[in-house]
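The values are calculated or read from the model by the stated rules, or taken from the named source; none is laboratory data. From a predicted model like this one, the values you see are computed outputs, not experimental measurements. Every residue, glycine among them, receives a Cβ derived from its backbone with ideal geometry; neighbour counts consider all protein chains shown.
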Amino acid sequence: MIDLGALEVWFLTGSQHLYGEETLREVERQAARIVAGLGEDERIRIAVTQRPVLTTADSIAQACRDANGSRNCIGVIAWMHTFSPGKMWIAGLSALQKPLLHLHTQHNRDLPWAEIDMDFMNLNQAAHGDREFGYIATRLRHPRKTVVGHWQDPEVRCRIATWSRAAAAWHEAHQLRVVRFGDNMREVAVTEGDKVEAQVRLGVSVNGYGLKELTDRIESVAPAEIDTLVERYDDEYEVVPELRAGGGRRESLREAAGIELGLRAFLTEHRAGAFTDTFEDLGALGQLPGIAVQRLMADGYGFGAEGDWKTAILVRLIKVMGSGLGGGTSFMEDYTYNFGTESPQVLGAHMLEICPTIAGGRPRCEIHPLAIGARADPVRLVFTAPPGPGVVVGLMDLGNRLRLVANEVDVVEPEEEMPRLPVARAVWEPRPSLATAAEAWLTAGGPHHTCFSQAVGLDALEDFAEIAGLELLAIGAGTTPGQFRKEVRWNQVYYHLADGL
């Protein structure tokens, strides 16, 4: 469901006619080698496409307009190989609507000390030209990411790869449709928000649909389709005996499969990439969707429980950023704490809907009662996330802006087995500590529903926030409560004034 292969980043090389045609031909050849080198790096999954060398204000403006109009172009990398006068970039940068990365590099890594002459200096002066570009971009207040270093340096390529994934998420946001079945959970504040403002800011379209439309689609699923899907459940998961063929609860598994098939078909028909539901409005559904939601998330869909469309958006976008990388991404909730250990921990879980991409082993397919929702026992996948670094991210609507808050965490093995907990879960130690992280999260107004990922980190979130113009408050190893409070206060002033500056 997530295909980064069709996307591309345009590589724009700036120069001018001052140094002659042969110099420009060499500029083009060197840019081509850089583009080829970036394209060979397996970390950069999005194609880097070379465009003609830009030497005039008109050609620059046209290239930026072409980038805006291209359906596959998700961003632009700009490099001033020689000296490209900044005034030539005013019209282009003023028009550019795609994310911009300023690559401050040069073709040669080492200086050929014994051979340097003025021809070499005139050709290889990005150290000069990129400063002119940086000035004009700053003067125009054009947002961009700046990456400095030799183009063959693994760290440089890693930063380009991360930015390109953030740009892909921004591209996805502008075509993302979120389907909502039912409204937000009654009386809950943080899952509410301005859907019109979200579309203005992010490009995401969020709309509601009646449960009858979904249940009608579920009822139209052919029994043979259900048979096939149930067989897949048997093959892919450790199905408990009561749900196996001949077991007393086999029909509940078939009902869950029918919900998945109907829900999947509905989302496909509406070209939606994310969805929400709520246990307070299940219509004629026999059980709250559990395994259906989990498997759809595993295929790349975003999801938010209790009508939480903002988290559904976030899960989808972070899944796009993490596509093809190790680790998974899931809807999550900070559920309860373990204070009785040297480094206090969070037990993250939800009623049913945790994505199996974060599973540390083969999930178990189980059925258990659910105390809320007033429906039959739902089928779900149960597993534990593996140890390793991760990040927990929340998106909230503050009225005058959207805010992201993110906490770096270290997932750990649970101290003991949890045989009576019938849901998927992850146990983590927040950085720098539970006390500081939770205090900062509460100070930021962070939500209880989050996106948990072991595929992407703060660097990708920072790039996305810069592209989208969103506030991001990061909680990590160096966070202190006092400094974090100051950052929140400074941000309140900045974002109050930013639109008018």
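A single entry from Gly247, Gly258 fulfils the requirement of being part of a loop (DSSP other than H, G, I, E, B), over 30 Å from Ile467 (Cα atoms) and modelled with pLDDT of 95 or more: Gly247. Scanning the stretch 464-487 for residues that are under 30 Å from Thr276 (Cα atoms), part of a helix (DSSP H, G or I) and among the hydrophobic types (A, V, I, L, M, F, W, C) gives Phe464, Ala465, Ile467, Ala468. Identify all residues within the stretch 55-87 that are over 21 Å from Lys98 (Cα atoms) and among the aromatic types (Phe, Trp, Tyr); write none if there are none. Listed by number, the list holds a single entry, Phe83.
Each residue in the stretch 6-18 was checked for being in a strand (DSSP E or B) and of a type in the set (S, T, N, Q), and 1 of them qualify. A single entry from Leu497, Leu461, Leu501, Leu442 fulfils the requirement of being among the hydrophobic types (A, V, I, L, M, F, W, C), out of contact with any Phe, Trp or Tyr (no Cβ under 6 Å at 6 or more places or on another chain), modelled with pLDDT under 95 and in a helix (DSSP H, G or I): Leu497. One residue stands out in the stretch 289-302 among those that are out of contact with any Ser or Thr (no Cβ under 9 Å at 6 or more places or on another chain) and either touching a residue at least 60 places away in the same chain (Cβ under 8 Å) or crowded, with 24+ Cβ neighbours inside 10 Å (or both): the one that is farthest from Gly373 (Cα to Cα), namely Asp299. If you go through the stretch 19-54 and keep only what is polar (S, T, N, Q), in a helix (DSSP H, G or I) and either in contact with a Phe, Trp or Tyr (Cβ under 8 Å, 6 or more places away or on another chain) or within 14 Å of Leu103 (Cβ to Cβ) (or both), you end up with just Gln30.
Residues are listed down the side, and each one gets a yes or a no for (1) touching a Lys or Arg at 6+ places or on another chain (Cβ under 9 Å); (2) among the small types (Gly, Ala, Ser):
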| position | (1), (2) |
| --- | --- |
| Ser164 | yes, yes |
| Ala169 | yes, yes |
| Val188 | no, no |
| Ala198 | yes, yes |
| Gly203 | no, yes |
| Leu214 | no, no |
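Number of residues in the stretch 172-192 that are surrounded by fewer than 20 Cβ atoms within 10 Å (Cβ to Cβ) and either more than 14 Å from Tyr301 (Cα to Cα) or basic (Lys, Arg) (or both): the value is 10.
Of all residues in the stretch 45-73, those that are surrounded by fewer than 19 Cβ atoms within 10 Å (Cβ to Cβ) and within 21 Å of Ser94 (Cβ to Cβ) total 12.
Residue count for the stretch 145-184 satisfying the condition of being outside any loop (DSSP other than H, G, I, E, B) and under 30 Å from His448 (Cα atoms): 17.
Restricting attention to the stretch 19-40, the residues that are of a type in the set (A, V, I, L, M, F, W, C), surrounded by 13 or more Cβ atoms within 10 Å (Cβ to Cβ) and out of contact with any strand residue (DSSP E or B) (no Cβ under 7 Å at 6 or more places or on another chain) add up to 2. Against the test of being buried (at least 23 other Cβ atoms within 10 Å of the Cβ) and of a type in the set (D, E, K, R), the options Asp227, Asp235, Asp216, Asp277 yield a single qualifying residue, Asp277. The condition (being closer than 24 Å to Ser220 by Cα and not in a loop (DSSP other than H, G, I, E, B)) is satisfied by just one residue among Leu263, Leu347, Leu317, Leu288: Leu263. Before we move on, is Leu93 crowded, with 19+ Cβ neighbours inside 10 Å, in a helix (DSSP H, G or I) and aliphatic (A, V, I, L, M)? The answer is yes for Leu93.
I need the full set of residues from the stretch 266-277 which are in contact with a helix residue (DSSP H, G or I) (Cβ under 6 Å, 6 or more places away or on another chain) and either modelled with pLDDT under 95 or in a helix (DSSP H, G or I) (or both), in order please. Answer for the stretch 266-277, where residues must be in contact with a helix residue (DSSP H, G or I) (Cβ under 6 Å, 6 or more places away or on another chain) and either modelled with pLDDT under 95 or in a helix (DSSP H, G or I) (or both): just Phe266. Scanning the stretch 418-439 for residues that are within 20 Å of Leu352 (Cβ to Cβ) and assigned to a loop (DSSP other than H, G, I, E, B) yields a total of 7. How about the stretch 377-395: which of its residues are outside any loop (DSSP other than H, G, I, E, B) and either touching a helix residue (DSSP H, G or I) at 6+ places or on another chain (Cβ under 7 Å) or surrounded by fewer than 18 Cβ atoms within 10 Å (Cβ to Cβ) (or both)? Once the filter is applied, which keeps residues that are outside any loop (DSSP other than H, G, I, E, B) and either touching a helix residue (DSSP H, G or I) at 6+ places or on another chain (Cβ under 7 Å) or surrounded by fewer than 18 Cβ atoms within 10 Å (Cβ to Cβ) (or both), the stretch 377-395 yields Val379, Arg380, Leu381, Gly388, Pro389, Val391, Val393, Leu395.
When the stretch 17-53 is limited to residues that are among the β-branched types (Val, Ile, Thr) and over 19 Å from Cys158 (Cα atoms), the one that is modelled with the lowest pLDDT turns out to be Thr23.
From Thr311, Thr268, which residue is free of Cβ contacts under 8 Å to residues at least 24 places away in the same chain, assigned by TED's automatic domain parsing to the domain that holds Pro363 and either surrounded by 24 or more Cβ atoms within 10 Å (Cβ to Cβ) or under 29 Å from Met396 (Cα atoms) (or both)? Result of the check over Thr311, Thr268: Thr268.
Of all residue pairs spaced 6 or more apart or on separate chains, those with beta-carbon atoms under 6 Å, a first member in the stretch 133-153 that is within 14 Å of Ala78 (Cα to Cα) and a second member that is of a type in the set (Phe, Trp, Tyr) are Ile136/Trp89; Lys145/Trp163.
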